[in-house]
Amino acid sequence: MIKFDKLFQTLKNNGISQYKLYKYYGISRSQIQRLKENQSVTTHTLNMILNILGDGFTLDDIAEFVPDRHDGNI
């Protein structure tokens, strides 16, 4: 699973609110909600966010990979 918990802390640390994302930067509210719920989003959305954050930011700053748990069932 890809988790986006780091994204919201990174945004906060850089003075970018969710309101600014959709009002000024064109990230749709539905995409923000999908990120909040760790659902799938397009690479286009991730690219837009990294461009908003600017130089020096990478996917590691906004996302984290956590292996899915399989309780013996695949």
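The values are calculated or read from the model by the stated rules, or taken from the named source; none is laboratory data. None of the values given here were measured: they were computed from a predicted structure. All Cβ positions, glycine included, derive from the backbone under ideal geometry; neighbour counts span all protein chains shown. Accessible surface is based on the protein model in full, side chains and every heavy atom, while ligands, DNA and RNA are left aside. Shrake-Rupley method; radii C 1.70, N 1.55, O 1.52, S 1.80 Å.
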The chain, accessible surface, carbon-and-sulfur percent (1.4 angstrom probe): 49 percent
Accessible surface, per residue, of the chain when the full set of protein chains is kept, probe 1.4 Å, Å²: 72 Å²
Cβ-placed point charges (K, R +1; D, E -1), dipole of the chain about Cα centre in debye, nearest 20: 420 debye
Cα-derived Rg over Rh, computed across the chain with Rh taken as Kirkwood radius: 1.02
Options Y24, V66, L53, ranked by Cα towards positive dipole end of the chain, top entry (Cβ charges): Y24
Length-normalised contact order of the chain in % [C-alpha pairs under 8 Å, at least 6 apart]: 53 percent
Whole-Hz couplings from phi, Karplus 6.51/-1.76/1.60, listed for region 13-30; x for Gly and Pro: 4, 10, x, 10, 8, 4, 4, 4, 4, 8, 6, 10, 10, x, 7, 5, 4, 5
